[in-house]
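Every read-out reported here was derived from the displayed coordinates using simple, explicitly stated rules and does not represent laboratory data. Nothing here was measured: the structure is a model prediction, and the numbers come from that model. Positions of Cβ are backbone-derived with ideal geometry, glycine not excepted, and every protein chain shown enters the neighbour counts.
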Amino acid sequence: MARRKLIYEGKAKILYEGPEPGTLIQYFKDDATAFNGERHEVVEGKGVLNNRLSEFFMLALANVGIPTHFIRRLNMREQLVREAEMIPLEVVVRNFAAGSLTRRLGMDEGTQLPRPLVEFYLKDDSLGDPIVAEEHIAAFGWASQQEIDEMVNLALRVNDVLSGLFFGVGIRLVDFKIEIGRIWENDYPRLIVADEISPDSCRLWDIRTGRKLDKDVFRHELGDLADAYTEVARRFGLLPANGFPKRPTLVN
Ligand code: ADP
Ligand code: UDP
């Protein structure tokens, strides 16, 4: 097979040029990183699970009319997506207090928030992804005021859909991060949900037991990350009958 053109290699994924202009192939790696790349491990099977889970969530969004970059899954580790002009922000929605919100405002982890909060962080590893205000976004031209309003709406719609989906399988969606990109249609920009939606980018707690089923398992060394992600995939019925083999199995 001809070598594909590498566009970008990040911490968790690789982007290759897609088969048609305006498309990309997103390859999901097994690498897990935390604390701005300070902790790094290879978690066998993580890429396969995130590829499948991200497909599932992006399709769920598309089914209720929320535009996403997802076109189709190509194989266990790759999906075809629409190339977007990425807005350099991480858009976080929070339903319960956790992570940086508890650290910043001294709240107890798990406190239910009076309403979902939408926050913006500048996507810049060298600065540690600092939180930014809408004022900064508009003033520095990362997005227009109209796009900021659209991003808030989009993020809240995504929150409604995902919260319901997770609740249906006994999981609380505590918070999550999405990345949003622009695509151009007849010279007009349209915002779409891009990147990935997976347990890497969400906080997911089992409603009954409180068990953490997301990347905090890795961040705080709470157990086997692949087991937690497999449990999420299992609840949505996404596992083949025998689960994803962690290691290639030798068939005699
Ligand atoms: P990071 O860059 O934070 O290390 P990843 O390893 O997940 O993260 O890399 C994926 C990169 O691809 C991110 O920089 C993300 O913004 C970018 N990206 C995701 N979806 C698209 C898309 N549809 N078009 C263009 N770029 C995308
Ligand atoms: N998040 C993410 N990528 C990041 C930062 C945060 O996917 O670079 C997700 C994180 O998994 C959580 C939500 O965004 O679901 C809010 O994260 P928070 O601001 O609490 O940061 P953290 O405590 O992880 O530093």
A chain fully extended from residue 103 to residue 85 at 0.36 nm per residue, minus the present Cα-Cα distance, gains in nm 3.3 nm
Full extension between residue 23 and residue 63 adds, at 0.36 nm per residue less the Cα distance, a length in nm of 12.3 nm
Which of 5/46; 46/215; 11/212; 46/123; 11/215 exceed 18 Å between C-alpha atoms? The answer is 5/46; 11/212; 46/123
So the FRET efficiency between residue 224 and residue 117, C-beta based with R0 = 51 Å and rounded to 0.05, is 0.95
Computed about the Cα centre, the charge dipole of the chain from +1 Lys/Arg and -1 Asp/Glu charges at the Cβ has a magnitude in debye, to the nearest 20, of 920
Per DSSP, the loop-located GluC sites (Glu not before Pro) within the range 126-158 having at most 11 other beta carbons within 10 Å are none
Comparing 76, 58, 107 in a Gaussian network model of the chain (Cα, 10 Å), the one with the largest mean-square fluctuation is 107
For residue 69, the net charge from surrounding residues (Cβ-Cβ under 10 Å; K, R +1; D, E -1) works out to -3
Counting only DSSP loop positions in the range 1-97, the chymotrypsin sites (Phe, Trp or Tyr not before Pro) whose Cβ has at most 16 other Cβ atoms within 10 Å are 35
The relative contact order of the chain, taking Cα pairs under 8 Å that sit 6 or more residues apart, comes to a percentage of 17
Quotient of Cα radius of gyration and Kirkwood radius for the range 128-249, i.e. Rg/Rh, equals 1.06
Per the helix-only model, the chain has a calculated mean residue ellipticity at 222 nm (DSSP H runs of ≥4, -39500 (n - 2.57) each, divided over all residues, rounded to the nearest 500) of -8500 deg cm²/dmol
Within the set 146, 112, 26, GNM on the chain using Cα springs under 10 Å gives the largest fluctuation to 146
One checks the Cα atoms of the chain and finds Rg and Dmax, in Å, of 18.0, 63
The answer for chymotrypsin sites (Phe, Trp or Tyr not before Pro) in the range 156-235 that fall in a DSSP coil and have at most 13 neighbouring Cβ atoms within 10 Å is none
Against the 2.2 N^0.38 Å rule of thumb, the C-alpha Rg of the range 1-69 sits at a ratio of 1.29
1/(1 + (r/R0)^6) with r = Cβ-Cβ of residue 3 and residue 157, R0 = 41 Å, i.e. FRET efficiency to nearest 0.05, evaluates to 0.55
